[in-house]
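Read through the structure below, which is laid out as structure tokens, and then see the notes.
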There are 2 protein chains.
Amino acid sequence: KQTPASASTSSSTPPVSNVGQIVKYGFPSTDNLRSYDDFILSYDRRTRTANWVLEHLTQDKVTRVKGIERSKMKFIEDTSIHEFHRSTNKDYQGSGYDRGHLAAAANHRHSEKAMNQTFLLSNTAPQVGEGFNRNAWNNLEKYVRAVARNNKNVYVCTGPLYLPRKEPDGKTYVKYEVIGQNHVAVPTHFFKVLLIENEKGQFDLQSYVMPNQPLPDIKLQHFLVPLETIERAAGLLFYQNIPKTSYRKINAAAS
Amino acid sequence: KQTPASASTSSSTPPVSNVGQIVKYGFPSTDNLRSYDDFILSYDRRTRTANWVLEHLTQDKVTRVKGIERSKMKFIEDTSIHEFHRSTNKDYQGSGYDRGHLAAAANHRHSEKAMNQTFLLSNTAPQVGEGFNRNAWNNLEKYVRAVARNNKNVYVCTGPLYLPRKEPDGKTYVKYEVIGQNHVAVPTHFFKVLLIENEKGQFDLQSYVMPNQPLPDIKLQHFLVPLETIERAAGLLFYQNIPKTSYRKINAAAS
Ligand SMILES: [Mg+2]
Ligand SMILES: [Mg+2]
């Protein structure tokens, strides 16, 4: 059976790759990674929000430092992103959605600059305020900081999901709202995947999905889902350098 | 006014970037480019289809070579993509959609290997067959080859769009079907952006959008749209190395 890799070449031109010629006038896209002082972000220029944000947390980083005040900070446009693909404060105005942090501001209390960087709009996505950003999701963020205070290292990957649903016609659809002139996508859900290294160097993994809607005040463990579910839906692979068999606990009761 | 770039750092830890530590256990994603003999593809692991495919065409490449037959080739899975994020032939079965080429098979008639590579499922997206893939879209592909036969170089960028629509509730939504067990996205539209260099070294640009539905048999020029419309919707920027003021014609009547 022939595959592209093994196909014999009965060609009129030599079988050399043509890459240099093809991209002579530029790549349509490549540059989507942004490194900030204390988090790394992959930007999705189509949805105008991040694909994922990755943080490394320790007890030091989440400890409050006098004079570093979240209340003094303002959300600003990420001018490193082309204006065609950038979200603005105006996009959120009147939308009914909060500018929800992906890397949480309070995770970076050790440095004014690091906390300021979490206010870049590339690090936000439209979140339901009451019952979600200000409640259930905030509880999850607080829990993450508690874990950071009680372990050696915590890696947190956070991002949006656009989950499909079956409709009455029997077909399955992805449907999400977009807001503002720049059509900023409103994710249907958000994920958070925690890699926790304790003082003994043992690893635990916890993976959460929450729907972007007002949620009842229930235990965080109700939002644990298999890692593979998130990896498939988000198009990502988490902490690949750690063999899945080497975790001490995966999605054990969280709190 | 303070911005993250200029913020003074009243920090308890040195303001050094933490990137190496953050990605210690791997990036959630980075690797989405694929170079084949005669086209380059950016893969979207979330939608299980390409973001864009870029080709470079000349008269030689689109000329039929005896013995290279499209009819002998079969669509195959792209095993370079993780199975969580890969589309399969089974996903398309019974969906009612064609496996539509993005880089068209007949654009690569000069080499059996190059044509075979266009049959990788990463280079396909679900397309309406009758009235679209087999008709209007096919006409556009044939037109591209005619342009390649009559010019020095043609660069073609092709990809899916997921365009928003206003609904009766006054809000705007993106909605698209997904097919098969791997939830392969069915784009609402497709784009094709042509950069045409004639024998004198002058550049023309033509940018087309077609809805993924049965279309009437009308002239291709009806599907011309401003480049910026595609760049905004797709999250891409085309042929950035060519100043937009240096084009001889942009979206002049096509055929
Ligand atoms: Mg928040
Ligand atoms: Mg086709």
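The values are calculated or read from the model by the stated rules, or taken from the named source; none is laboratory data. Since we're looking at a predicted model, the values are computed, not measured. Don't worry about glycine lacking a Cβ; one is built from the backbone with ideal geometry, like all the others, and counts go over all protein chains shown. The accessibility values were calculated without ligands, DNA or RNA, using every heavy atom of the protein model including side chains. Shrake-Rupley method; radii C 1.70, N 1.55, O 1.52, S 1.80 Å.
Taken over the stretch B:74-118, residues that are open to solvent by 40 Å² or more (accessible area, probe 1.4 Å), among the hydroxyl-bearing types (Ser, Thr, Tyr) and part of a loop (DSSP other than H, G, I, E, B) amount to 2.
To keep it simple, each residue is scored yes or no on (1) crowded, with 16+ Cβ neighbours inside 10 Å; (2) within 30 Å of residue A:90 (Cα to Cα).
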residue	(1), (2)
A:170	no, no
A:198	no, no
A:206	yes, no
A:215	yes, yes
A:237	yes, no
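Is it the case that residue A:239 is under 26 Å from residue B:19 (Cβ atoms) and under 20 Å from the mean Cα position of the chain (by Cα)? Walk me through how you get there before you give the answer.
Working: under 26 Å from residue B:19 (Cβ atoms): yes; under 20 Å from the mean Cα position of the chain (by Cα): yes.
Against the criterion (under 26 Å from residue B:19 (Cβ atoms) and under 20 Å from the mean Cα position of the chain (by Cα)), residue A:239 qualifies.
Is it true that residue A:68 is open to solvent by less than 20 Å² (accessible area, probe 1.4 Å) and either under 22 Å from residue A:179 (Cβ atoms) or out of contact with any Phe, Trp or Tyr (no Cβ under 8 Å at 6 or more places or on another chain) (or both)?
On the way: open to solvent by less than 20 Å² (accessible area, probe 1.4 Å): yes; either under 22 Å from residue A:179 (Cβ atoms) or out of contact with any Phe, Trp or Tyr (no Cβ under 8 Å at 6 or more places or on another chain) (or both): yes.
The answer is yes for residue A:68.
Residue-level check: of (1) touching a helix residue (DSSP H, G or I) at 6+ places or on another chain (Cβ under 9 Å); (2) within 11 Å of chain A (Cβ to nearest Cβ), residue B:217 misses just (2). Across the stretch A:95-131, the qualifying residues are those that are away from chain B (no Cβ under 12 Å) and more than 21 Å from residue A:156 (Cα to Cα), and the one among them that is nearest to ligand 2 (Cβ to nearest atom) is A:128. Close Cβ contacts (under 9 Å, 6 or more residues apart or on different chains) running from residues in the stretch B:132-152 that are within 14 Å of chain A (Cβ to nearest Cβ) to residues that are open to solvent by 10 Å² or more (accessible area, probe 1.4 Å) and within 12 Å of ligand 2 (Cβ to nearest atom) are absent.
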